[in-house]
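Novice: Dropping the structure in here first, questions after.
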Amino acid sequence: MDTAEVRSNDGAAIGAMGATLGAFNDSFVKALERNRSIMEKMLLAMQEESLRFVNLRMERTSKAIQSARDCHGLTGLIGVQHDWLVDAARDYAEEGRRFGDVFRDIAVEGANGFSKAAQAARD
């Protein structure tokens, strides 16, 4: 083998390796972009849900304070406290369920996106 042939073979190998790395890099960038999009949606949904929850709890706490002002005696105050605790427990349980729904929906959306991308890559 002469020197020109070796250089030609090396150039072809480098070109093939470059094309392979380019394809891998392109796939990696697309995956990062999909992950960024999913994270963005998840954080926005969590922020909206958290704000909704905080507003609900503030409203219910305000009502409990107003009820405490209007109650008579210790038994009335204990009743207001009981109602507030029951509402808080119910709201926290509901919020946990709603967060689970948000995470599930985003996970399903992400999985569907990745399966579509994998199908497109195979085709």
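The values are calculated or read from the model by the stated rules, or taken from the named source; none is laboratory data. Just so it is clear, the structure is predicted and the values come from calculations on it, not from any experiment. A quick note on method: Cβ atoms are made from the backbone with ideal geometry, for glycine too, and the neighbour counts reach across all protein chains shown.
Novice: If you go through the stretch 67-83, how many residues are loosely packed, with under 11 Cβ neighbours inside 10 Å and part of a helix (DSSP H, G or I)?
Specialist: Going through the stretch 67-83 one residue at a time, the tally reaches 6.
Novice: May I ask you to list the residues in the stretch 39-87 that are under 25 Å from the mean Cα position of the chain (by Cα) and in contact (Cβ under 8 Å) with a residue 12 or more places away in the chain?
Specialist: 41, 42, 45, 46, 49, 53, 56, 57
Novice: Can you tell me which residues in the stretch 84-121 are at pLDDT 80 or above, farther than 14 Å from residue 53 by Cβ and either surrounded by 12 or more Cβ atoms within 10 Å (Cβ to Cβ) or among the acidic types (Asp, Glu) (or both)?
Specialist: The answer is 84, 103, 105, 106, 107, 109.
Novice: Search the stretch 106-117 for residues that are farther than 19 Å from residue 46 by Cβ and pair each with any residue that is at pLDDT below 75 when their beta-carbon atoms are under 9 Å apart and the residues are at least 6 apart or on different chains.
Specialist: Close Cβ pairs satisfying both conditions: 117/27.
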